[in-house]
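The values are calculated or read from the model by the stated rules, or taken from the named source; none is laboratory data. Small disclaimer: the values here were computed from a predicted structure and weren't measured. Here the Cβ is made from the backbone with ideal geometry for all residues, glycine too, and neighbour counts use every protein chain on show. To get the accessible areas, we keep the full protein, side chains included, count just its heavy atoms, and leave off ligands, DNA and RNA. Shrake-Rupley method; radii C 1.70, N 1.55, O 1.52, S 1.80 Å.
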Amino acid sequence: MQSVWLFGYGSLIWRPDFEFVSSKVAWVDGWTRRFWQGSHDHRGVPDAPGRVVTLVPAEGERCGGVAFEIAAPNVAEIFDALDYREKNGYDRCEAELSFEPAANNEIASTKKGIFYVANKSNFAFLGDAPITRIAEQIKISHGPSGANADYLLNLAQALRELEIVDEHVFAIERELLQLER
Ligand code: BEZ
């Protein structure tokens, strides 16, 4: 068995709580990040779910995140733990990851990778809503993993540090900061 690449586009970006061999910025084509998944177990509670990100199919778009290379002997244990942590509606999905070229004239390399997606048929899916509504829900939601607002702010900050632009995330962040003033 070889090492496996895990693509993180949410909390894994700023808090990977597993051992990995290497990590780098990566992109998945045909997907976009959205705060459309309800969180009953991490950033909210069953009666008042928070909102966390999932990936949504989007032709012509791409989502930036971080790919982590997991050594072969650790693969089963790490994915078992993630399957359990993300049991609130997420499934594993396999796709081609593109890595940033080292220089502009180099062709980006690709590798198969795995990521977690909560599709629209899962019980916790909330779907689209106006940006203001999403920010309001995030502002008031808290769960066993902490404040939903911290999840959003940490994600936005991590994306900026990686120079990944995500207008959906940044627009909700702006709205949240406005609500908190
Ligand atoms: C992540 O990529 O950070 C992630 C998102 C949803 C579920 C599990 C991991």
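Things worth noting here:
- The residue that is surrounded by the most Cβ atoms within 10 Å (Cβ to Cβ), counting only those in the stretch 127-154 that are of a type in the set (A, V, I, L, M) and out of contact with any Lys or Arg (no Cβ under 9 Å at 6 or more places or on another chain), is L153.
- Matching entry among S22, S109 (being of a type in the set (S, T, N, Q) and either closer than 17 Å to Q2 by Cα or in contact with a Pro (Cβ under 7 Å, 6 or more places away or on another chain) (or both)): S22
- Which numbered condition P57 fails, given (1) in contact (Cβ under 8 Å) with a residue 40 or more places away in the chain; (2) more than 12 Å from the ligand (Cβ to nearest atom): (1)
- Which listed residue, of F115, F123, F99, F68, is of a type in the set (F, W, Y), closer than 24 Å to G44 by Cα and open to solvent by less than 80 Å² (accessible area, probe 1.4 Å): F115
- Some residue of the stretch 134-155 being assigned to a loop (DSSP other than H, G, I, E, B) and more than 15 Å from the ligand (Cβ to nearest atom): yes
- The requirement of being within 11 Å of the ligand (Cβ to nearest atom), touching a residue at least 40 places away in the same chain (Cβ under 8 Å), in contact with a helix residue (DSSP H, G or I) (Cβ under 9 Å, 6 or more places away or on another chain) and open to solvent by less than 20 Å² (accessible area, probe 1.4 Å) is not satisfied by V28.
- For the condition in contact (Cβ under 8 Å) with a residue 60 or more places away in the chain, open to solvent by 10 Å² or more (accessible area, probe 1.4 Å) and in contact with a Pro (Cβ under 9 Å, 6 or more places away or on another chain), W14 does not qualify.
- Of all residues in the stretch 6-63, those being among the polar types (S, T, N, Q) and closer than 15 Å to A147 by Cα number 2.
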